[in-house]
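A.B. asks: The structure that follows is given in the form of structure tokens.
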Amino acid sequence: MMHPFRCEICGETYLGSSPPERCPFCGAAGKLVLPAAEWMNYGKIEMCQQSYEDCQKALELELNNYAYYKCAVARAQSQVTETIFKRLMKHELEHAEVFAKAMGIELPSAPDVTCAGDDVTNMAESNKHETMAIKFYIEAARRAPEPRIQQIFRAIAEVENEHLVTTNMYK
């Protein structure tokens, strides 16, 4: 029997007999995919100036990574790398939406970015993007006084770590 679930991080819905191992939209751990009746819409989050600035920086990072992966998808040299870059691209856009919602703003347009014409270079560059994001998100979670902001940064840092593991396997 199919049941409705919602991701506590991105709010996206999932229908299944049980929660997935990871949110298929943002990549958050399955423990954060709740029965729909238990889900809470946090909307705009009241936060201190430092947390707002950290969310702003995270939004920029995520939009930049989304644009980078979009370029990498277009230049992928194999179906496997195209598939990986496409999933990472979608996760990054979902993460950008999470930060924009938390800040109570519209999602800005992604920047124009370039990428290499080969998968090896793009995987190595992806590794740099993910490493930078993980480090920043862990720092931002530590200094955020708001429990919800801490939760978002920690959950997304974990997803970015999974991205790092994936890109390390294929670089």
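A.B. asks: To the nearest 0.05, how large is the calculated FRET efficiency for K31 and M132 if R₀ is 25 Å and r is the Cβ-Cβ distance?
C.D. replies: 0.45
A.B. asks: Another one. What ranking of D112, D118, D54 emerges when the number of other C-beta atoms within 10 Å of each C-beta is taken as an exposure proxy, fewest first?
C.D. replies: Result, fewest neighbours first: D112, D118, D54.
A.B. asks: Further question on the same structure: Relative to the present Cα-Cα distance, how much length would full extension add between Q56 and K86 at 0.36 nm per residue of separation?
C.D. replies: 8.4 nm
A.B. asks: Continuing with the same structure: In the neighborhood of T83, defined by Cβ-to-Cβ distances under 13 Å, what is the net charge if each Lys or Arg adds +1 and each Asp or Glu adds -1?
C.D. replies: Counting the neighbours of T83, the net charge comes to +1.
A.B. asks: Please report the spacing between the Cα centers of segment 49-96 and segment 14-33 in Å, no decimals.
C.D. replies: 20 Å
A.B. asks: Enumerate the calculated ³J(HN,Hα) couplings along segment 105-114 in order (Karplus 6.51 cos²θ - 1.76 cosθ + 1.60, θ = phi - 60°), each rounded to whole Hz, writing x wherever the residue is Gly or Pro.
C.D. replies: Those phi angles translate into 10, 6, 5, x, 6, 6, x, 8, 10, 10 Hz.
A.B. asks: Sorted by mean Cβ packing within 10 Å, highest first, what order do the peptides 96-102, 56-62 take?
C.D. replies: Ranked from most to least packed, the peptides come out as 96-102, 56-62.
A.B. asks: While we're looking at this one, here's another question. Under a Cβ-Cβ limit of 4.7 Å, which cysteines in the chain have nobody to pair with?
C.D. replies: If one checks each Cβ against the other cysteines of the chain, C48, C55 turn up with nothing under 4.7 Å.
A.B. asks: What helices does the chain have that are whole DSSP H segments, at least 24 Å long along their own axis by Cα, and with mean Kyte-Doolittle hydropathy of -0.5 or more?
C.D. replies: 79-103, 147-170
A.B. asks: Would you mind getting me the FRET efficiency between E162 and C48? Use the beta-carbon distance for r and R0 = 35 Å, nearest 0.05.
C.D. replies: Values: r = 29 Å, r/R0 = 0.83.
It comes to 0.75.
A.B. asks: Mark the label point 7 Å from the Cα of R148 along Cα→Cβ and return the residues of segment 30-62 whose backbone N is within less than 15 Å of it.
C.D. replies: 39-49, 51-52, 55
All of the numbers you see were taken from the coordinates with simple rules; none came from a lab. The shown structure was predicted, so the numbers you read here are calculated from the model rather than taken from an experiment. Every residue, glycine among them, receives a Cβ derived from its backbone with ideal geometry; neighbour counts consider all protein chains shown.
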